[in-house]
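A short worksheet on the structure shown next.
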């Protein structure tokens with residue numbers, strides 16, 4: 001009997017020790033994650049069409065489980081947001097005063113295709129509250145916020161043409177083949193320019209999915225997420241999204257945009273928005 005009691009006591013002590021170690025391991029999680037889906041810059045345009053883009057993110061994180069099913073998570077991630085602008089049958093005109101009435105003319109411009117892709121890289125810092133429930137596998141839910149620090153932005157255009165001409169009412173003539181005076185058809189090749197006028201982004205964030213046990217100290221989270229930008233990240237209105245190629249001997253697309261919308265900003269408000277899937281691999285400590 002005495003021997004049985006000793007064995008039971010030893011088993012209880014061992015079980016308690018193992019339980020304590022498991023609880024200790026599950027108190028902290030280090031993780032790496034990646035995901036993607038719709039990851040775009042949302043904005044309304046004064047003219048033209050907005051196109052959503054696809055992006056991705058990668059990062060690492062740390063979760064502190066202050067209770068078996070509750071924890072705080074933070075970390076760092078690099079995220080790419082992409083969007084596009086399309087102008088089809090973009091035409092316009094404005095009056096150009098000359099030194100005398102004879103030199104006054106109406107300047108016409110047109111392009112049948114203009115496509116621009118914008119992309120911005122952010123360094124995101126999340127702060128999430130996570131809840132998980134289940135035994136064999138766990139369902140998890142997380143809500144919180146992210147702060148996005150803009151790192152780099154670019155605008156890229158494909159090949160396009162701009163046709164211009166000038167009508168002189170005193171002469172009753174239209175000139176469309178005088179490139180030295182800015183009248184003609186101009187071809188622009190692929191072009192890229194920097195966009196560096198973005199503010200820090202503040203986003204609401206949510207995530208839900210399944211947590212799988214794959215090893216004693218490793219779990220895999222698979223789920224869906226959404227990030228919703230709260231503030232306008234457009235820093236200034238003096239540099240529009242529609243950049244185009246800039247050349248000393250060719251007209252600039254941005255100047256036509258400003259004329260077409262009477263000096264109003266091309267984009268009224270810019271918000272980052274992302275929704276997609278995410279996989280997270282954890283190391284329990």
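Within segment 176-193, one or more residues are touching a strand residue (DSSP E or B) at 6+ places or on another chain (Cβ under 7 Å), under 25 Å from residue 78 (Cβ atoms) and in contact (Cβ under 8 Å) with a residue 12 or more places away in the chain. If you go through segment 150-170 and keep only what is part of a loop (DSSP other than H, G, I, E, B) and without any contact (Cβ under 8 Å) to a residue 60 or more places away in the chain, you end up with 158, 159. Against the numbered list (1) in a strand (DSSP E or B); (2) within 23 Å of residue 272 (Cβ to Cβ), residue 47 comes up short only at (1).
Considering only residues in segment 164-184 that are under 42 Å from the mean Cα position of the chain (by Cα) and surrounded by 12 or more Cβ atoms within 10 Å (Cβ to Cβ), the one that is nearest to residue 97 (Cα to Cα) turns out to be 166.
Among the numbered conditions (1) without any contact (Cβ under 8 Å) to a residue 60 or more places away in the chain; (2) in a strand (DSSP E or B); (3) farther than 22 Å from residue 272 by Cβ, the only one that residue 109 does not meet is (1).
Within the option set 120, 147, 143, being within 21 Å of the chain's Cα centre (by Cα), modelled with pLDDT of 90 or more, buried (at least 17 other Cβ atoms within 10 Å of the Cβ) and within 21 Å of residue 275 (Cα to Cα) holds for one residue only, 120.
Yes/no matrix, rows are residues, columns are (1) surrounded by 17 or more Cβ atoms within 10 Å (Cβ to Cβ); (2) closer than 30 Å to residue 175 by Cα; (3) at pLDDT 85 or above; (4) under 25 Å from the mean Cα position of the chain (by Cα):
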| position | (1), (2), (3), (4) |
| --- | --- |
| 54 | no, no, yes, yes |
| 59 | yes, no, yes, yes |
| 69 | no, no, yes, no |
| 74 | no, no, yes, yes |
| 91 | no, yes, no, no |
| 114 | yes, yes, no, yes |
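Picking from residues in segment 201-251 that are at pLDDT 75 or above and not in a strand (DSSP E or B), the one that is surrounded by the most Cβ atoms within 10 Å (Cβ to Cβ) is 233.
Among the criteria (1) at pLDDT 85 or above; (2) exposed (fewer than 15 other Cβ atoms within 10 Å of the Cβ), the one residue 187 does not fulfil is (1). Within segment 112-133, the set of residues being farther than 26 Å from residue 57 by Cα and either in contact (Cβ under 8 Å) with a residue 60 or more places away in the chain or in contact with a helix residue (DSSP H, G or I) (Cβ under 9 Å, 6 or more places away or on another chain) (or both) comprises 114, 133. Filtered by the rule that a residue be assigned to a strand (DSSP E or B) and touching a residue at least 60 places away in the same chain (Cβ under 8 Å), segment 57-70 gives 57, 59, 61, 63, 70. Hey, could you check segment 95-112 for residues that are at pLDDT 80 or above and under 20 Å from residue 45 (Cβ atoms) and say which is surrounded by the fewest Cβ atoms within 10 Å (Cβ to Cβ)? Within segment 95-112, the match that is surrounded by the fewest Cβ atoms within 10 Å (Cβ to Cβ) is 110.
The values are calculated or read from the model by the stated rules, or taken from the named source; none is laboratory data. Computed from a predicted model, the values in this text were never measured in an experiment. When we count neighbours, we look across all protein chains shown, and the Cβ atoms used for this are built from the backbone with ideal geometry, even at glycine.
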